Structure formats: C-alpha cells, structure tokens
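Trainee: Before we start, here is the structure in question, set down as structure tokens.
The values are calculated or read from the model by the stated rules, or taken from the named source; none is laboratory data. Everything numeric here is computed off the predicted structure, so don't read it as measured data. Because the Cβ atoms are built from the backbone with ideal geometry, glycine has one as well, and the counts that use them run over all protein chains shown.
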Amino acid sequence: MKQSRWISKLLPSTNEQIENSADLETSYRYFSKGLFIILLGVAMIPLIIISVLSHYQYQNLLQKNELTQLILNLEQSQNTIERFVSKLQSVIKFVAPDDRYQELLDPENLETLFSRLQREYPDFADIEVIDASGRQKSYIGPYELSNNDYTGQTWYQEVLQRGVYISNVFSGFRQVPHFVLAVSRNLPGDKGLWVLRVTIDGKTLQRYVETGAASFLSDVYLIDAEGVIQTQPRKYGHIGEKNIFASHAAATRYNISENLVDYQELLAKNTDVSVVKAPDGQELLHAAIDLQSTPWRLVLVKDLYLHGDDWLFFQLRLFGIILICVVLMVFVILNISNGITEHIRISDKRRQHFFVEAENANKLASIGRLAAGVAHEINNPLSIINQKTGLVMDYFSLTGDFEHKQDMQQALKGVQQSVDRCKAITHRLLGFARHTDVVIEELDMNLLLQEVVAFLAKEATYNQIDIVFELDESVEHIHSDRGQLQQVFLNIVNNAIDAIGSGGKIVLKTGMIQEKEIWIKVEDNGPGMSREVVRRIFDPFFTTKETGKGTGLGLSITYGILRKLGGRIAVDSEPGKGTAFEIILPIRNKLE
Amino acid sequence: MIDGKILIIDDEVEFASTLCQRLALRGIDVRDAHSGTEGLEQIEEFTPDIVILDLKMPDMSGLDILSRIKQSRPDIGVIMLTGHGSVAAGIEAMEKGAFDYIMKPVDLGELLKKIEQAHEQRKKE
C-alpha cells in the first residue's frame, strides 16, 4: 500500500534496520507527538473558527437588534410628543378664533376660558391676551396684570411671523419649569394681529416624554437647540444644564452606520445615533431626533447591550464550552494517538518477529535444497560402489577357496557397512529437505516420552545420568505424527546426554496450556550454552560436537518438524547451570 | 528361479552394467541400455518381460519411457529406480502403470523379490 508522503515521513521507519532500539522508541514518540498535534489541529482549528465567527455574528446581531429597538422607540416617542404639542396648538387656536379678541379682553371671559382649559389641561399655569401693538391686555394667572410691552421681544416677533410660538423650558415663578405656547390671530377688519399666550407647566411635557419611553432605556429627555436639558433626565444631568453627551462621542467598534442602512429615511431627519461615554466611563448608546414644530430635540440613552451582563454571560459560556471541548479533545486525542502508536509498535514487533521466523525458515529451506542436491549426487556413486561390492562378493561366493579369501570378504563387508552408513547420512539429508507426508494419529505424549527414553536408557545409565519424569497425568492425548515426534525427542534427549557427558540429571516435564496446547520441557544440568550458541542453535550444520560426531542437522530438523506439526520450540540456557528446551504442541493438528 | 527376460535402462553405465552382471550371475537373461533411446530400441529388439527403469536420464525422463512402453507393450512389468526422497515420483510412476519402485542404492535381495512379484503378476494376467 502506498502511503501519502507526509504520513510516511511521520511514521516510524522500522523497515530500515534500526539497530538501536532507543532510536526506534524515539521515532515512536515522535510519531505519537506528530499524530497528536495533527489531530488536535484538525479538531481545534474548525472549533476556534466557528467560535470566533459565531461570537462575531452574535455580537452583530445583538447590535443590530438593540439599534433597531432604539430607533423604533425614538420614532414612537417622537410621534407621541409631536402629537401632544400639535394638539396643544390646535386647542389654543380653537379657543381663540379671530373675532373673539374683544370678548377675551374681559378678564371674566378669559377666566372662564382659562378654567375650562385647566379642566382639560391642569398644567396650564396662566393665560394672557396681547393686542396688536404688543401690549398685555388681559391676564389670568399667579401674577398681576402688568400691561407689559412685548414689542421688542423675539418670541413676539416670531409669533407674529409664524402664527405660533413654543418656547424653551425655563424656570419661571416658584422655580418650576415652564414653557410658553403662543398663537397670533387676525383682528377683524385687518387691523393687525392679536396674540393669545399660555404658560404650561413643564410636568406635562415630562409626562409625555416618560410615557413614550420604553423600559429598557436608561434615560430619556428633551434638549433645546443649544443642548440645554428641557425635561428632568432620570440619570444624566438636570433641567437647565447642558446635555453631558453633546461632546462625548466615543470611539468604538460599534458598527452604527452599517446596522442602520434600513433607516436612511429616519437618519435624514437630523437624527443622530452614536455611542457615548458616561462620566463613569460606561459606554452608552445615545440617539437624538428633532421634534417637528418645537424647539426641542428628543434624547434617548441606553446601556449598551454588549456591555451588560447578558453579553458577559454569553462570552463566559462560549469560552467555557470551548475550554471543555479543548480539554476533552486533548484527552481523547492523546489517548487515540497513544493507542495508535502502541498498536503500530506491537504490529511492528510482530512483523519483525515474523520476519526473523521467515528468514529462519528460508535459510532452512535453501540449505535443505543444497543438502538434498549434494545427497542426491553422492547417492549415484554410492549405489555404484554398492553394486560393485555386491558383484565382487557374488564372484567370491562362486569361486573356490583361495588365500586371504576370508580377509577380503571381511574387508568387503566393511565397505558394505560404510556404504550403509553413507546411505543413512544421505537418507537423513534428504529427509531434512523432503516434504514427507505427515501421519496424524492420536497419541499419549507421556507414553511417547517414556518410549523415547527407553531407547536411550542404556546410554544414560552408562554415563551415570538420571532421567527423571515429572509428567502431568492429566495431559490430553494430542493429534500429531508419532514417528516425527519420536525423532524430535530422540534428538533433544540425545543432545542432553551428549551435553552432560557423565554424571547428571535430565528432567522431562509435561503440562497443559489452556486446553488447546500442551508443553513439554526437557531440562538438563549440563554445562549450558553461551548466548551466541543459543542464537545459532537451530541453524543447519551448526554443531558444538567434535568433528565427525554430529551433523549439525538434529535441531534444525527438529525445528522444521515442529513447525510442520504446528508447534514451536524455545530454548533457555545459562552457562554453568544447564539448558531447558520447551516444546509447545497443539492438541488438535491443523493438518488434519 | 526367474525365467523371464530383463532389461535395465539407466544412464549410469557403471551401475547398470554391474547390476546386469550380478543378475546374469544368477542365471537371468538380462541386458542393459544406457540412454532412453537405446532402451526403447532394446525393448523392440530384445522384447524383455520386465524393465528396470531409472527415473532420471539426460535424454528422456523415465516417466516418458514408461508411458511409451505402456502404449506399445502394456504387458511389460516396469520397476522404477528412484533416488532417495523421490517417493512421490515413484508413486506417480505407479499411478501411470509401473509395477513398483525401488530406491537407490539398490539392495539386490529386495530387487530380486520385486522382480519375482512382477513375474507373478504377469502370469496372473
């Protein structure tokens, strides 16, 4: 399988022969770390992007929402107050038709009108009639009739010009805020303009301002053209003072113009929406709009949503969720990357193990083929020697007695015996390579071991070697090849006898492994073997015996047979302490 | 005593001739051939009752010769000579009509026994 380049760069390179296992460990650690970082990145980056985007989006949405609310409220309040003022104007105009001038000069009539008006509008403070020359002619209210001449005053000029006049709020008598509403009327017969002037308590205005304001607003009030406060604000300032926000536009990331695209029409009417800073440093949303046909501007002030607890909670929640996600991710990904690395480490180890096994098997096979070839080649001349010897012996038996005949026959017998020995060697060599058919039968391993030992008992006794059985009687019968297993144990016990030399002990043990396999141990207290010998012990032609005494094939044949039978063999040896072979065999054979 | 004619086909001249001599010493009418082609000629000329046939020869394999014999002279008993470890080849030859096989190096007593058995088999047929 072809791996993409970057992942293969990351993977530990076990294919190369890394002699140093510490290097390999480092490369696994590197892999694990790399995997952790990549997975974490893959998981975290989208999370963070989404969080930032949603944070931004939510902030925008909130801004837009609160701006819309503010604007709607601004319009509503504006309408309420404008309607109130225009109604006041209508009422005054209605009660003072052009031809009622003479009638209203009479204080009694004016008094009647005033009390009627007061019934409707209790906040009317006084009323007066001014003649065409600008003099006060009649007055009902807390002051005395003063015959004031208003000619020089601007409000009088304005009412003459425009027909109606509304004043700023001022603190009149008893320091109560008031404002003035005046209308001019024609005198019959085109003899100039007379004026009806009413003073109204500022409370009325205050009431209307308060009525229109929604509860979410932190303040609402009126200011005049110069920015002087006209109605009592809830929090920010007092009547008669300058609006504190007039010069307090704060630089902010609040996106007003973008969020108010839908309200262009409103903005055209000299409306001003901005973010301002309160004296305590808090940022506020401030909106002001002109009130038609009055000298006033309506001001709404609102705490910024985004600076309120709601926004803080949202941010805390968002941050909390991200934190939990990150902790979980780190935990899970750490486990995953460690798990995968461990998995790779194990499968690498297994692969290396198989590689060694395969190499062993391969070595055996090729040496086996070589051995078979050699044996085969030797076999031909051997059979010629065999036949020639036979022929000579034939002739001898046909010939009468002659000198040294018996000696020569004896010599020929020696040749024949040597040929037989050679035959045995080639037979073994060929048997080593040959894929003989395995004959599976049910057999009792304990019995088989006793039979094998019986073969060697004589030799053992001669060398003063005790052979001891520690057999587990409950070991199940196994299904395997009797002849080949005999060869296996003959080899191993024989080796043990050879290793001990004289005077020692061989212990044969059996036992079960989880009802599927049995184990057999052959332990001797001989001289043991060095690590180098143990490592090469199953190699063909490797022998520690004197030249001519061993072929070096015994244990490699044993190894081959056990593999064929589905079993395995391990050796444990320590110089000076002895050697133990452990053989494990399946109870049921795969070849069946 | 064996009364039939026997042909030995083996490219190993020394082996074939020695075996031939030893059988002849036992009063058997026996000849040897040292290649596949020669063997086939001798079968025509000498008309043996039993052929002892080597499995491996340079010009022709024993199995080829066996199938030729079985085509032209199915009555001939064939005993195959095999090296050690070629039990499978011997069995294959038997499946293709050989009477039996014997492994090298050949034990003469064993061979004689097999020749006798082959004769008896032929007589039955």
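Trainee: Go through (1) over 15 Å from B:Asp10 (Cα atoms); (2) surrounded by 15 or more Cβ atoms within 10 Å (Cβ to Cβ) and name the single condition B:Pro74 misses.
Mentor: Result: B:Pro74 passes all but (2).
Trainee: Sticking with this structure for a sec: Kindly establish whether A:Glu75 is of a type in the set (D, E, K, R), over 18 Å from A:His343 (Cα atoms), at pLDDT 85 or above and surrounded by 13 or more Cβ atoms within 10 Å (Cβ to Cβ).
Mentor: Details: of a type in the set (D, E, K, R): yes; over 18 Å from A:His343 (Cα atoms): yes; at pLDDT 85 or above: yes; surrounded by 13 or more Cβ atoms within 10 Å (Cβ to Cβ): yes.
Yes, satisfied.
Every residue, every condition in (1) of a type outside the set (Gly, Ala, Ser); (2) outside any helix (DSSP H, G or I), yes or no:
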residue	(1), (2)
A:Asp126	yes, yes
A:Ser138	no, yes
A:Tyr143	yes, yes
A:Asn147	yes, yes
A:Thr151	yes, yes
A:Gln161	yes, no
A:Tyr165	yes, yes
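Trainee: May I ask you to verify whether B:Ile69 is buried (at least 21 other Cβ atoms within 10 Å of the Cβ), away from chain A (no Cβ under 13 Å) and out of contact with any helix residue (DSSP H, G or I) (no Cβ under 6 Å at 6 or more places or on another chain)? Let's see the steps before the verdict.
Mentor: On the way: buried (at least 21 other Cβ atoms within 10 Å of the Cβ): yes; away from chain A (no Cβ under 13 Å): yes; out of contact with any helix residue (DSSP H, G or I) (no Cβ under 6 Å at 6 or more places or on another chain): yes.
Answer is yes for this residue.
Trainee: Quick one: which of B:Ala89, B:Ala118 is on the phi < 0 side of the Ramachandran plot, outside any strand (DSSP E or B), in contact with a Leu (Cβ under 6 Å, 6 or more places away or on another chain) and not charged (D, E, K, R)? Before you say what the answer is, go through the steps one by one.
Mentor: On the way: B:Ala118 fails: in contact with a Leu (Cβ under 6 Å, 6 or more places away or on another chain).
Residue meeting the stated conditions: B:Ala89.
Trainee: Between a first residue in region A:443-460 that is in contact (Cβ under 8 Å) with a residue 40 or more places away in the chain and a second residue that is assigned to a helix (DSSP H, G or I) and not hydrophobic (A, V, I, L, M, F, W, C), which pairs have beta carbons less than 6 Å apart while being 6 or more apart in sequence or on different chains?
Mentor: Qualifying pairs under 6 Å: A:Leu443/A:Arg482; A:Val452/A:Gln486.
Trainee: Assess whether A:Arg350 counts as being at pLDDT below 90, within 30 Å of A:Leu53 (Cβ to Cβ) and not aromatic (Phe, Trp, Tyr). Quick ask: steps written out before the conclusion?
Mentor: Numbers: at pLDDT below 90: yes; within 30 Å of A:Leu53 (Cβ to Cβ): no; not aromatic (Phe, Trp, Tyr): yes.
Spelling it out, it is not the case that A:Arg350 is at pLDDT below 90, within 30 Å of A:Leu53 (Cβ to Cβ) and not aromatic (Phe, Trp, Tyr).
Trainee: What number of residues within region A:471-496 satisfy the criterion of being among the aliphatic types (A, V, I, L, M) and assigned to a helix (DSSP H, G or I)?
Mentor: First pass over region A:471-496, keeping only residues among the aliphatic types (A, V, I, L, M): A:471, A:475, A:478, A:485, A:488, A:490, A:492-493, A:496.
Of the ones still in play, those that are also assigned to a helix (DSSP H, G or I) are A:485, A:488, A:490, A:492-493, A:496.
The total comes to 6.
Trainee: Could you check A:Phe542 against (1) of a type in the set (Phe, Trp, Tyr); (2) outside any strand (DSSP E or B); (3) at pLDDT 80 or above and say which number it fails?
Mentor: Of the numbered conditions (1) of a type in the set (Phe, Trp, Tyr); (2) outside any strand (DSSP E or B); (3) at pLDDT 80 or above, the odd one out for A:Phe542 is (3).
Trainee: Could you list, in sequence order, the residues of region A:380-389 that are at the interface with chain B (Cβ under 7 Å from one of its Cβ atoms) and either crowded, with 23+ Cβ neighbours inside 10 Å or among the aliphatic types (A, V, I, L, M) (or both)? Working first, answer last.
Mentor: In the first step, residues of region A:380-389 are kept if they are at the interface with chain B (Cβ under 7 Å from one of its Cβ atoms); the result is A:380, A:382-384, A:386-388.
Of everything in region A:380-389, those that are at the interface with chain B (Cβ under 7 Å from one of its Cβ atoms) and either crowded, with 23+ Cβ neighbours inside 10 Å or among the aliphatic types (A, V, I, L, M) (or both) turn out to be A:Leu382, A:Ser383, A:Ile384, A:Asn386, A:Gln387.
Trainee: Could we say that A:Ile583 is surrounded by fewer than 21 Cβ atoms within 10 Å (Cβ to Cβ), modelled with pLDDT of 85 or more and within 15 Å of A:Glu517 (Cβ to Cβ) here? Outline the logic, then answer.
Mentor: Working: surrounded by fewer than 21 Cβ atoms within 10 Å (Cβ to Cβ): no; modelled with pLDDT of 85 or more: yes; within 15 Å of A:Glu517 (Cβ to Cβ): yes.
It is false that A:Ile583 is surrounded by fewer than 21 Cβ atoms within 10 Å (Cβ to Cβ), modelled with pLDDT of 85 or more and within 15 Å of A:Glu517 (Cβ to Cβ).
Listed here are the residues, each with its yes/no results for (1) of a type outside the set (A, V, I, L, M); (2) within 14 Å of chain A (Cβ to nearest Cβ).
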{"site": "B:Ile52", "(1), (2)": "no, yes"}
{"site": "B:Leu81", "(1), (2)": "no, yes"}
{"site": "B:Ile115", "(1), (2)": "no, no"}
{"site": "B:Glu120", "(1), (2)": "yes, no"}
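Trainee: Exactly one condition in (1) more than 7 Å from every other protein chain (Cβ to nearest Cβ); (2) under 14 Å from B:Thr18 (Cβ atoms) is not met by A:Asp394; state its number.
Mentor: With respect to (1) more than 7 Å from every other protein chain (Cβ to nearest Cβ); (2) under 14 Å from B:Thr18 (Cβ atoms), A:Asp394 is out only on (1).
Trainee: Next question. I want to confirm something. Restricting to region A:50-68 and keeping residues that are closer than 16 Å to A:Gly320 by Cα and aliphatic (A, V, I, L, M), which single residue is farthest from the chain's Cα centre (by Cα)? Break it down into steps so the answer makes sense when it comes.
Mentor: Residues of region A:50-68 that are closer than 16 Å to A:Gly320 by Cα, as a first pass: A:50-52, A:54-55.
After this cut, where a residue has to be aliphatic (A, V, I, L, M) as well, the list is A:50, A:52.
Details: A:Ile50: 13, A:Val52: 16 Å.
By that ranking, first place goes to A:Val52.
Trainee: Could you list, in sequence order, the residues of region B:16-30 that are in contact with a Pro (Cβ under 9 Å, 6 or more places away or on another chain) and buried (at least 18 other Cβ atoms within 10 Å of the Cβ)? So that I can check it myself, show each step before the final result.
Mentor: Step one: list which residues in region B:16-30 are in contact with a Pro (Cβ under 9 Å, 6 or more places away or on another chain), which gives B:29-30.
Within region B:16-30, just B:Val30 meets the criteria.
Trainee: Moving on. Given the conditions (1) in contact (Cβ under 8 Å) with a residue 24 or more places away in the chain; (2) in the same structural domain as A:Trp194 (by TED's automatic domain parsing), which single one is not true for A:His55?
Mentor: Evaluating A:His55 over (1) in contact (Cβ under 8 Å) with a residue 24 or more places away in the chain; (2) in the same structural domain as A:Trp194 (by TED's automatic domain parsing) leaves (2) as the failure.
Per-residue answers, yes or no, for (1) modelled with pLDDT of 90 or more; (2) within 14 Å of chain B (Cβ to nearest Cβ); (3) assigned to a strand (DSSP E or B):
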{"residue": "A:Arg428", "(1), (2), (3)": "no, yes, no"}
{"residue": "A:Phe432", "(1), (2), (3)": "no, yes, no"}
{"residue": "A:His435", "(1), (2), (3)": "no, yes, no"}
{"residue": "A:Val439", "(1), (2), (3)": "no, yes, no"}
{"residue": "A:Glu451", "(1), (2), (3)": "no, no, no"}
{"residue": "A:Glu459", "(1), (2), (3)": "no, no, no"}
{"residue": "A:Phe469", "(1), (2), (3)": "yes, no, yes"}
{"residue": "A:Asp498", "(1), (2), (3)": "no, no, no"}
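Trainee: Does B:Leu19 fit the bill of being at negative phi and either touching a Cys at 6+ places or on another chain (Cβ under 8 Å) or facing chain A (nearest Cβ under 10 Å) (or both)? Quick ask: steps written out before the conclusion?
Mentor: Values: at negative phi: yes; either touching a Cys at 6+ places or on another chain (Cβ under 8 Å) or facing chain A (nearest Cβ under 10 Å) (or both): yes.
So B:Leu19 passes the test.
Trainee: Return the pair list, or none, for Cβ contacts closer than 6 Å from residues in region B:96-109 that are within 14 Å of chain A (Cβ to nearest Cβ) to residues that are surrounded by fewer than 17 Cβ atoms within 10 Å (Cβ to Cβ) and outside any strand (DSSP E or B), at least 6 apart or on different chains.
Mentor: Nothing qualifies.
Trainee: In the set A:Ser257, A:Ser293, A:Ser215, which member is hydroxyl-bearing (Ser, Thr, Tyr), outside any loop (DSSP other than H, G, I, E, B) and modelled with pLDDT under 85?
Mentor: Details: A:Ser293 fails: outside any loop (DSSP other than H, G, I, E, B); A:Ser215 fails: outside any loop (DSSP other than H, G, I, E, B).
Sole residue among the options that is hydroxyl-bearing (Ser, Thr, Tyr), outside any loop (DSSP other than H, G, I, E, B) and modelled with pLDDT under 85: A:Ser257.
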